[in-house]
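Here, each number is a calculation from the coordinates, and none is a lab measurement. This one's a predicted model, so the numbers in the text were calculated from it and none came from an experiment. Reconstructed Cβ throughout: ideal geometry from the backbone, glycine too, with neighbour counts over all protein chains shown.
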Amino acid sequence: MGVVFLVTGALIVYVALAIIAESRWESAVVMICLYVLGVASFHSFTIEISEEKLKFRFGIGIIQKSYFIEEIKSVKEVVNPWYYFWGVKSIPGGWFYAIAPGEAIEIILNNGKIVQLGTNQSQMLKEAIDTAIQQVGEK
């Protein structure tokens, strides 16, 4: 993903300089601001598990979501195809959230919907969610 941001950033700078040379600096500033907002929004993916909720957010938190642990029916590790890439996507049966393709946790909610969270620590995340589900069940 870093390579994508780097290449995109280089193209943005190139186009911005061409636009500024035409005295349309306002357009260049808007373009650069949108790029910086995109990088800030998708530079990281944080997943937090508490006794009550599973929360996750991208970057600075513009895109975030949470679910109560009791809403989770099951969790399993999956490997997504390369073309899922990164971001927020509608997938068959639910939604995909990640900053890189590959490993993910697939969460099946009680209502049947699917939430996939991309992670490079899928086993650890699955165990943490399973533990939280077990603790909620014991209460």
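Taken as Cα centroids, the stretch 87-139 and the stretch 22-41 sit 34 Å apart, rounded to the nearest whole angstrom. All other residues with a Cβ under 14 Å from the Cβ of residue 32 taken together, and with Lys, Arg as +1 and Asp, Glu as -1, what is their net charge? The answer is 0. Note on the chain: GNM, Cα springs under 10 Å; of 26, 103, 71, the largest mean-square fluctuation is that of 26. The Kirkwood radius of the chain, taken over pairs of alpha-carbon atoms, gives through the Stokes-Einstein law at 20 °C and 1.002 mPa s a diffusion coefficient of 128 µm² s⁻¹.
Relative contact order of the stretch 45-138: 26 percent, from C-alpha pairs under 8 Å at least 6 residues apart in sequence. Build a GNM of the chain with springs between Cα atoms under 10 Å apart, and of 54, 37, 11 the one that fluctuates most is 11.
Taking the number of other C-beta atoms within 10 Å as the exposure measure, put 86, 95 in order starting with the fewest. In increasing order of surrounding Cβ atoms, one gets 95, 86.
Modelled label positions at residue 127 and residue 71, each set 7 Å beyond Cα in the direction of Cβ, lie 2.7 nm from each other.
With charges set only on the Cβ (+1 for Lys and Arg, -1 for Asp and Glu), what does the dipole of the chain come to about its Cα centre, in debye to the nearest 20? Rounded to the nearest 20 debye, it is 260 debye.
Of all beta bridges DSSP finds with both residues in the chain, what is the antiparallel percent, to the nearest 5?
85
To test your reading of the geometry: what angle, between 0 and 90 degrees and rounded to tens, separates the Cα axis of helix 2-21 from the longest principal axis of the chain? Approximately 30 degrees, to the nearest ten. Between residue 100 and residue 29, residue separation times 0.36 nm minus the direct Cα-Cα distance comes to 22.7 nm. Of 77, 51, 22, which is the most mobile in a GNM of the chain whose springs link Cα atoms less than 10 angstrom apart? Residue with maximal mean-square fluctuation among 77, 51, 22: 22. Other residues lying with their Cβ under 13 Å from the Cβ of residue 48 contribute a combined charge of +2, Lys and Arg counting +1, Asp and Glu -1.
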